[in-house]
Amino acid sequence: MKYNKKIVIHAFFLALVMSIMPTTVSAHGWIENSRSHLCSKGQNSGCGGVQYEPQSVEGPKGFPDAGPADGKIANAGLGRFTQLNEQTPTRWTKKSISSGQNDFSWTFTANHSTSSFRYFITKPDWNPSLPLSRDALDLTPFCQFQGGNQRPPSPLVHSCNVPSGRNGYHIILGVWDIADTSMAFYQVIDVNFDGVNPPTAPWTDVGDIQPTADLGLGDRVFTRAFAANDEINDPSLETSFTIENNEDGNRLMWPLRLAELINQEQSELQAGIRNQNGIVTPVSGKNDIFAKPGSDITRVEIDIEAAPPQEPFLALNDVANEYTISDPDSITLNVEVIAEPDHTLMIQIFNANNDPVAVVNSDSEISQHSLTIDNPTAGTYTLVVKLMSGSDFVKQVSATFDLLASQPPAVEYDYVYPNSKSAYKAGTRVLNGDGVIYECKPWPYSGWCRGAGSYFAPGTGLAWSQAWVLVGRLPGYVAPPPSADQVYPQGKGSYQNGDSVEGTDGKIYKCLIPGWCNGSSFYYAPGTGLAWSQAWQLSK
């Protein structure tokens, strides 16, 4: 059985109406099964705009003495169709052909007067890895027809004798010269001189590995095998490949890697490009997938599983529990922020009334940051760091600290907390166990000062700043050194708000949120977990 020798070439003419000049018709056309036409049919991929207008590959006429420059013959020198100039042995889909008589058929939709049709073919020793040039072509047309300045009928079939002495991959260049303009249409046809069926019982083409896009680190590409319309539920038929470096993620490289793995792992499948002797070899770029004769596999599809997005990392270091105001005009805090991946940082400080008192926007590649508070007053402040991607919020960490006057004023207090709690009201001052005096806020917050439990306990409760204002430290008071009854993770599972433990770094930490302090993972481990500061407070 012989392959059909017929290569069909279609040409379309589109009418252009000029608003001032007399009406003329500009001819347009393509060659069916040419490179541009197969782009429009989806049999060639990565073609760019020519897939939508294969009829528009038009350039100056006069080839080979004039016309498109070498390396730009395939796209007729048109910048918007540069993809057509890509040239490797495996880049384009090929049509089988034999030497001898072959029919070329043209179809027109807006016939225009024609000077000639000419056909050229590459030399026997041409290099298919170099862009198409005049040196690669036999510049004597192997077939030509005169147009007589007439509009050709539609369809128009040319019967041409394709030269012998060619094997494997070659290019046929069709040039259609227009009679009453300075333009011509250029179409290249990628052909394979095989002319006979592959050896008996050939492996069947059941799929393609298309170089559709570059893949990222961690992306996984894998095969899926089908019999008729149903997917075959057999894990052994799946071949997968995970991208571990940027080179393998290149759109021309990962199809080669996947094809090589298919050939190593599968007995019923082969992947690569099949030559005229039936040998299948993996290549960079597009690869075919073949099923063994008698296999139940009728189709193989390629799926891509994107890697999960990277969880951003954001940590805040070197924030002390308290700072002393040495200059009444300003105080500067130096903090360290570690962020990955690189984004923009918004760093803010809020006072106890939730008013912003300092802000810095910075690139996250910088780890050390300075924030200045003008006219600082004693009290509790919150440092907020936000990781931003453009204008979009990504992640946030926060820390609280106290500003203390350099010489604490002589202050008096009414009670030692929590004694006489039922008597607390707006303006009541209490001395806490840390030697700091707090004043109960005015109504409607004063009711929280009397609240049961430790939620609003001044200085230690999770929401103490909603009920109290820090007044200052008791003069001469020396806080006892922090201590802990247990070394983390001893007692984990029973920690309560305010419980202290010694971390693995030897420092003492006080539990703020029991649910996180008792978490099963080490995400909130005091001092070492990624989010420890959300669950614990470093003891003063």
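Readers should treat all values here as calculations from the given coordinates under stated rules, not as data from a laboratory. Since we're looking at a predicted model, the values are computed, not measured. Note: ideal-geometry Cβ built from the backbone for every residue, glycine included; neighbour counts use all protein chains shown.
Kirkwood Rh over Cα pairs of segment 7-193 into Stokes-Einstein at 10 °C, 1.306 mPa s: D in µm²/s?
For these conditions, the coefficient is 97 µm²/s.
Whole Å is fine, so just give me how far the alpha carbon centre of segment 78-96 lies from that of segment 303-372.
Result: 52 Å between the Cα centres.
Classify segment 415-473 as rounded, prolate or oblate, taking a ≥ b ≥ c as the square roots of the eigenvalues of its Cα gyration tensor: rounded when a/c is under 1.5, otherwise prolate if a/b is larger than b/c and oblate if not.
Verdict is rounded for segment 415-473.
For the chain, with only Lys/Arg (+1) and Asp/Glu (-1) charged at the beta-carbon, what is the dipole magnitude about the Cα centre, in debye rounded to 20? Intermediate results must be reported in sequence, preceding the final value.
Numbers: 36 positive and 55 negative charges, 280 e Å.
The calculated dipole for the chain is roughly 1340 debye.
Taking a ≥ b ≥ c as the square roots of the Cα gyration tensor eigenvalues, with a/c under 1.5 meaning rounded and otherwise prolate when a/b beats b/c, else oblate, which class fits segment 204-305?
On the way: a/c = 2.08, a/b = 1.31, b/c = 1.59.
Oblate.
List the trypsin sites (Lys or Arg not before Pro) within segment 340-424 that DSSP assigns to loop and that have no more than 15 neighbouring Cβ atoms inside 10 Å.
Within segment 340-424, no trypsin sites (Lys or Arg not before Pro) qualify (loop, at most 15 other Cβ atoms within 10 Å).
Towards the positive end of the charge dipole of segment 138-262, with charges on Cβ (+1 Lys, Arg; -1 Asp, Glu), say which of Thr242, Gln150, Ser182 has the farthest Cα.
Gln150
Please report, largest first and rounded to whole Å, the three semi-axes of the ellipsoid equivalent to segment 369-506, where each semi-axis is the square root of five times an eigenvalue of the C-alpha gyration tensor.
Ellipsoid semi-axes (Å, largest first): 27, 23, 18.
Dividing the convex hull volume of the alpha carbon atoms of segment 96-148 by its residue count, what do you get in Å³ per residue?
About 144 Å³ per residue, rounded to a whole number.
With only Lys, Arg, Asp and Glu charged, each at its Cβ (+1 for the first two, -1 for the last two), find how big the charge dipole of segment 415-473 is about the Cα centre; round to the nearest 20 debye.
120
Enumerate by residue number the GluC sites (Glu not before Pro) in segment 151-254 meeting two conditions: DSSP loop (anything except H, G, I, E, B), and at most 16 other Cβ atoms within 10 Å of the site's Cβ.
Passing sites in segment 151-254 are Glu238, Glu244.
What value, in deg cm²/dmol to 500, does the helix sum -39500 (n - 2.57) over DSSP H runs of n ≥ 4 give at 222 nm once divided by the residues of the chain?
After summing the helix terms and dividing by residue count, I get -1500 deg cm²/dmol.
Choose one of Thr372, Ala358, Ser326: the residue whose Cα lies farthest towards the positive end of the charge dipole of segment 313-405 (beta-carbon charges +1 Lys, Arg; -1 Asp, Glu; about the Cα centre).
Result: Ala358.
Under 12 Å from the Cβ of Val469, count the other residues' Cβ atoms, weight Lys and Arg +1, Asp and Glu -1, and hand me the total.
Around Val469, the surrounding residues sum to 0.
For segment 313-405, list log₁₀ I(q)/I(0) at each q in 0.10, 0.14, 0.17, 0.20 Å⁻¹, using the Debye formula over Cα point scatterers of equal strength and ignoring solvent, two decimals each.
Debye output, listed in q order: -0.25, -0.47, -0.68, -0.91.
Note down the net charge around Cys440, summing +1 for each Lys or Arg and -1 for each Asp or Glu among other residues with Cβ under 9 Å from its Cβ.
Charge balance in the 9 Å sphere: +3.
Got a sec to turn the phi values of segment 513-518 into Karplus ³J(HN,Hα) couplings, 6.51 cos²θ - 1.76 cosθ + 1.60 with θ = phi - 60°, whole Hz, x for Gly and Pro?
10, x, x, 7, 4, 9
Based only on the alpha carbon positions, what is the Kirkwood hydrodynamic radius of segment 348-392, in angstrom?
Hydrodynamic radius (Kirkwood, Cα only) of segment 348-392 equals 11.9 Å.
Would you please give the residues with an amide H less than 5 Å from that of Tyr323, counting only those at least 5 places away or on a separate chain, with H modeled from the backbone geometry?
Amide H neighbours of Tyr323: Asp402, Leu403, Leu404.
Could you tell me which of rounded, prolate or oblate describes segment 485-540, using a ≥ b ≥ c as the square roots of the eigenvalues of the alpha-carbon gyration tensor, with rounded for a/c under 1.5 and, failing that, prolate when a/b is larger than b/c and oblate otherwise?
rounded
Can you say what percent of the DSSP beta bridges in the chain, counting only those with both residues inside, are antiparallel? Round to 5.
That works out to approximately 90 percent antiparallel.
Please give the FRET efficiency for Glu244 paired with Glu265, using the beta carbon to beta carbon distance and R0 = 22 Å, rounded to the nearest 0.05.
The formula returns an efficiency of 0.80 here.
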